[in-house]
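Notes for the one structure printed next.
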Amino acid sequence: MKRWKCLPVLDFFPSWRLTIYLAKMFIVRIVAVLAMLVLVLLMLDLLSRTGDILAFPGNGQAELLEYASMRAPQLVRRFLPYSVLLSTIITLATLNQNSEVTAMKAAGLSAHQILAPLLLTATVVAGISFTFNERVVTRATATLKAWEAVDYGVVPDDPDTRLNVYFNDGNDVLMARQQTGLGADTVLTGVTFYQRDDTGMISRQITGSRATYAAPGWLVEDAQIFSVATTRTVEAPEPVMVAPGTTLDQLTLRRVDPDAETLGQLAQSIAALKAAGRRTAELEGRWWAKISGPLSSILMPLLGAVAGFGLARSGNLFIRAVIGMALGFAYFVVENAALALGSFGGYPPLLAAWSPFVLFFLVGETVLIRTEE
């Protein structure tokens, strides 16, 4: 079997023909499994969302297709690593069942050399996944969440418009359905202000149609004041001043959605929040996860490799395939648990994002070496 001789590192791969054969088989299965998962899950999601979308007057089939076009990239991002795992098991189990693995090992190839084309393909998939997440998924997520915030109605065209914002003033909370404008010209509509006592209980609620920034505080127009003590609502004859402790800095430090921001945008948001003294552990973990997440595709051939080695006639091929799936799904469970612990401060963000990757890389290598022996 002819090997590549142009560079020493390429000797790790089998022949050019065999590499192309394995890579093509692997990528076709990845695309097929991913398409199947996305289509099934998208149909189920549409069944649960169709009523909400069509409830808005004027929405129809075009809006359903628009929703599907924005939801599909999110499903691709989430289930691409699963597709790589399942495709690894299907590919290697098929090769083992047809005695092709036995033939390759008889030709002098090690288990790592047989996996090399799959690992190379998974690396390319990881790069495509990262680019797809940054260029497509973040935009689709931001657009979809803005659409959901208006109950699938008309999304404001103003890029400075923000929906469902809130500000803290000590124990008090100021909420608004929509925020428009910048800086001192900011206007809030659909305003609700909750005034709380020292125990955290709401003592007064003020609602209004509109509020303008008063430097400091906000002037609520058409204010209706509800007192919890008297259970009575009165209309204020003039605008009411609320939340005097809020500042213009709070206008720019909106609630950050890491799924809707690119790597660079999220880094800027984290820096701004840090400068304002906000806690950023969760966002820092999600920042690292934007890198480690796509790279998880590289682990999947290693974790699913147990399905490809061993005698197929021994009757244990199905058991080995189940073990491969269990290793892959265990990785995703541990990854989510580590990120959750990191968001609560249990782990440093860097450790929370990368420790599952390193751990399961070592587990996969150990299983592969023991299987080969």
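Rule-based calculations on the coordinates, nothing more; no lab input. The structure presented is a predicted model; accordingly, all values stated were derived computationally and were not measured. With ideal geometry, Cβ positions are generated from the backbone for all residues, glycine too; neighbour counts draw on all protein chains shown.
Below, the figures for the structure above:
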item	result
The chain: most fluctuating residue of Phe226, Phe360, Phe79 per GNM, C-alpha cutoff 10 Å	Phe226
Residue of Ala55, Ala176, Ala289 that the Gaussian network model of the chain assigns the largest fluctuation, springs spanning Cα pairs under 10 Å	Ala55
Distance histogram for segment 171-244 (every C-alpha pair counted, 5 angstrom bins, percent rounded to whole numbers)	4, 17, 26, 26, 16, 8, 2, 0
Helix runs (DSSP H) in the chain reaching 30 Å along axis by Cα, Kyte-Doolittle at least 0.5	16-55, 111-132, 317-343, 349-372
Value of relative contact order over segment 171-244, rounded to a whole percent, pairs C-alpha under 8 Å and six or more apart	24 percent
Calculated [θ] (222 nm, deg cm²/dmol) that DSSP helices of n ≥ 4 give over the chain, each run adding -39,500 (n - 2.57)	-19500 deg cm²/dmol
Sorted by Cβ neighbour density within 10 Å, fewest at the top, the residues Asp259, Asp222	Asp222, Asp259
The chain, relative contact order [Cα under 8 Å, separation at least 6], %	16 percent
Among Arg29, Arg210, Arg232, residue whose mean-square fluctuation peaks in a GNM of the chain (springs only between Cα atoms under 10 Å)	Arg232
